[in-house]
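**Q** Here it is, the structure, as structure tokens.
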């Protein structure tokens with residue numbers, strides 16, 4: 001099985017290193033890599049390893065993990081309670097979402113991206129470009145917006161760029177993006193159409209699917225980075241209904257998770273989902 005086909009949480013073994021013991025897939029990394037935690041070898045980042053699905057024994061029990069040594073710095077637990085994740089955040093940023101270090105390191109680049117979207121890809125700006133059929137300019141601006149933050153992996157941005165090489169794909173992207181930002185259509189119909197476009201051009205990744213609505217309406221929408229979001233959802237007891245391919249069910253569950261985090265983190269002063277997503281990214285990398 002290729003690395004891209006493994007699912008998070010699957011138990012595996014490495015035939016070339018049986019002494020590592022039972023492993024658990026913790027992240028599918030772009031570029032054909034896997035991050036796997038092995039009971040006797042710790043976390044390993046693997047590429048083209050001949051992993052096999054584990055069989056026999058009780059595969060439902062948590063793998064033993066070493067107790068982290070205290071270094072005085074905030075640590076990021078892989079599987080923790082939401083209270084523990086909250087403690088990690090406060091260790092980094094004692095003043096919560098008003099902490100100057102938080103504003104500098106986490107929020108400022110995303111606010112700059114929101115400002116860029118407002119001047120280059122807001123519906124008011126995008127409509128004339130769509131009317132004129134200036135698909136190249138729309139794609140150029142969208143890629144510039146993606147480059148404004150580190151939320152989308154370079155490989156994912158590269159896949160989007162490659163998928164938009166044809167004139168037909170660029171036109172469909174421009175029209176679908178406008179619908180997405182306008183939210184034209186009932187329910188999550190514009191989001192589902194955008195997901196369909198990404199699938200058709202070989203760029204169906206959650207960061208790309210959620211990036212634009214998240215920046216366009218940060219009071220309502222949420223960005224999804226798969227591994228970190230799944231960890232926090234589990235800590236909150238929220239069923240994320242996660243599927244690798246972007247879809248409406250998972251996204252609806254994501255919005256429920258964001259609403260739950262609004263409540264849990266209220267005393268830290270979150271302004272919008274920019275802060276909520278930043279929390280997720282800081283504590284559950």
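**Q** Per DSSP helix of 4 or more residues, -39500 (n - 2.57); summed, then divided by the residues of the chain. What does that give at 222 nm, rounded to the nearest 500? Could the numbers behind the result be given before it?
**A** Numbers: 11 runs with 135 residues, N = 285.
Here the helix-only value at 222 nm equals -15000 deg cm²/dmol.
**Q** Quick check: from the Cα gyration tensor, does segment 77-136 come out rounded (a/c under 1.5), prolate or oblate? Show your work: numbers first, answer last.
**A** Values: a/c = 4.99, a/b = 2.70, b/c = 1.85.
It is prolate, given that a/c is not under 1.5 and a/b is the larger ratio.
**Q** Of the peptides 205-216, 99-110, how do they stack up when ordered by the mean number of other Cβ atoms within 10 Å, highest first?
**A** Details: 205-216: 23.2, 99-110: 15.2.
Ranking the peptides 205-216, 99-110 by packing returns 205-216, 99-110.
**Q** If the viscosity is 1.567 mPa s and the temperature 4 °C, what translational diffusion coefficient in µm²/s does Stokes-Einstein give for segment 3-49 when Rh comes from Kirkwood over Cα pairs? Could you put the intermediate results ahead of the total?
**A** Working: Rh = 10.4 Å.
Reported coefficient: 125 µm²/s.
**Q** I'd like the orientation of helix 154-163 relative to the chain: the angle between its Cα long axis and the longest Cα principal axis, in ° from 0 to 90, rounded to 10.
**A** 40
**Q** Let me ask something else. Please find, in a Gaussian network model of the chain (springs between Cα atoms separated by less than 10 Å), the residue of 89, 97, 37 whose mean-square fluctuation is greatest.
**A** Looking only at 89, 97, 37, the largest GNM fluctuation is found for 37.
**Q** Still on this structure, I have one more. What distance in nm separates the two pseudo spin-label positions at residue 81 and residue 167, each 7 Å out from Cα along the beta-carbon direction?
**A** It works out to 6.2 nm between the two label points.
**Q** Rounded, prolate or oblate, given the Cα gyration tensor of segment 110-216, with a/c below 1.5 counting as rounded? Working shown, then result.
**A** On the way: a/c = 1.14, a/b = 1.03, b/c = 1.12.
Rounded.
**Q** Which shape class applies to segment 194-285: rounded if a/c is under 1.5, otherwise prolate when a/b exceeds b/c and oblate if not, where a ≥ b ≥ c are the square roots of the Cα gyration tensor eigenvalues? List each step's numbers first, then the result.
**A** Numbers: a/c = 2.06, a/b = 1.56, b/c = 1.32.
Cα axes put segment 194-285 in the prolate bin.
**Q** Right, something else. Could you grab the relative contact order for segment 3-49? Cα pairs under 8 Å, six or more apart, rounded to a whole percent.
**A** Working: 92 pairs, mean separation 15.2, N = 47.
32 percent.
**Q** Moving on. Taking the chain as a Gaussian network, Cα atoms linked when under 10 Å apart, which of 94, 15, 30 shows the biggest mean-square fluctuation?
**A** Sorting by GNM fluctuation, first place goes to 15.
**Q** At a threshold of 8 angstrom on Cα-Cα distance, excluding pairs fewer than six apart, so keeping six or more, what relative contact order does the chain reach in percent? Kindly include the intermediate steps, with their values, before the conclusion.
**A** Working: 382 pairs, mean separation 46.0, N = 285.
Once divided by the residue count of the chain, the mean separation gives 16 percent.
**Q** Among (i) 0.99; (ii) 0.93; (iii) 1.01, which one is Rg/Rh (Cα atoms, Kirkwood Rh) computed from these coordinates?
**A** Entry (i).
**Q** Highest GNM mean-square fluctuation, the chain, Cα pairs closer than 10 Å: which of 257, 227, 46?
**A** Of 257, 227, 46, the Gaussian network model singles out 46 as fluctuating most.
**Q** Gap in Å between the Cα centre of segment 228-285 and the Cα centre of segment 130-206?
**A** Here the two parts' Cα centres lie 23 Å apart.
Since every read-out is calculated from the coordinates, none of them should be taken as a lab result. All values reported here derive from a predicted model rather than from experimental measurement. Glycine gets a Cβ as well: all are built from the backbone with ideal geometry, and neighbour counts include every protein chain shown.
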